[in-house]
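Worksheet for the structure shown next.
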Amino acid sequence: MQFHVITLFPEMFTSPFSGGIMARALNNGLVTIQTHNLREHGLGRYRQVDDEPYGGGSGMVMRPEPVAAAIDAVTARHPGLWRVLLTPQGDVLRQSLAAELARREPGLMLVAGRYEGVDERVRELVDQEISIGDFVLSGGELAAMVVIEAVTRLLPGVLGNQASLDEESFGSGMLEYPQYTRPEVFRGSAVPPILLSGDHEKIRRWRREQALERTRRRRPDLLVKNPRG
Ligand code: ADE
């Protein structure tokens, strides 16, 4: 899967992907990440990309022409990408949306806004607006990286073990059950004996109960949206 990011800060996109699963997926050629500098499509001698808001108010707003030019340039060379604008006003990223995005071959075009906002007409240039949560970042770059990571780990061949995808939080619509490893007792706190029992059916049921109980207590909203418990 290809990721094409339109951004004023392409240099931000190197180190977050230089370790772990992302680095391996890149090395194996399962994903590619290309950045496209929005500044190259800026207007005039100063390659301006933003301007004052009509109607007044504080802050600057990204102009539509450079964004449109960048989107057109990427589309001309890489047709068929699903175009996403990162904005706090978009569809909230959830595991189910990440899974949908993972099926968007040949890949995603991620437009990272900056400044106080983007001209409303930029919305007409994309297929979807996505938010990574109800908080405000200074720009869409980190949000684009979150999308890239959440989507990449769902692609076939990226994680060694498909089962770990199925069991983890949200894959089942619930939070994950508590996990333990060695030592058996840590600072007076012991591993639940059932996990040492060797009874796999009992362990499976205990884990399911724990996941359900934990979800009820911490994230009851998940059970309302996804009443599988
Ligand atoms: N840009 C600024 N804040 C954002 C958020 N929460 N999600 C996506 N893009 C953003």
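Since every read-out is calculated from the coordinates, none of them should be taken as a lab result. Keep in mind the model is a prediction, meaning the values are calculated, not measured. With ideal geometry, Cβ positions are generated from the backbone for all residues, glycine too; neighbour counts draw on all protein chains shown.
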Two-site FRET efficiency, ALA69 against GLU100, from Cβ-Cβ distance with R₀ of 41 Å, rounded to 0.05: 0.90
For the stretch 164-225: rounded, prolate or oblate by the Cα gyration tensor [a/c cutoff 1.5]: prolate
Proximal charge balance of ASP127 [Cβ under 13 Å; K/R count +1, D/E count -1]: -1
Distance from the stretch 144-205 to the stretch 1-51 (C-alpha centre basis), Å: 32 Å
The stretch 1-123: radius of gyration over Cα atoms, expressed as a fraction of 2.2 N^0.38 Å: 1.14
Alpha-carbon Rg/Rh ratio, for the stretch 98-199, with Rh computed the Kirkwood way: 1.14
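Report, in deg cm²/dmol and to the nearest 500, the calculated mean residue ellipticity at 222 nm for the chain, where each DSSP H run with n ≥ 4 adds -39500 (n - 2.57) and the sum is divided by the residue count.
-9500 deg cm²/dmol
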Burial order of peptide ranges 69-78, 139-148, 48-57 (average beta-carbon count within 10 Å, highest first): 139-148, 69-78, 48-57
Environment charge of PHE3, counting only residues whose C-beta is closer than 11 Å and scoring Lys/Arg +1, Asp/Glu -1: 0
Local net charge near PRO64, Cβ-Cβ under 13 Å (Lys/Arg +1, Asp/Glu -1): -4
Hull-based mean projected area of the chain, where the convex hull spans the alpha carbons, in square nanometres: 16.7 nm²
Dipole axis of the stretch 164-225 (+1 Lys, Arg; -1 Asp, Glu on Cβ), positive-most option in SER169, PRO183, VAL224: VAL224
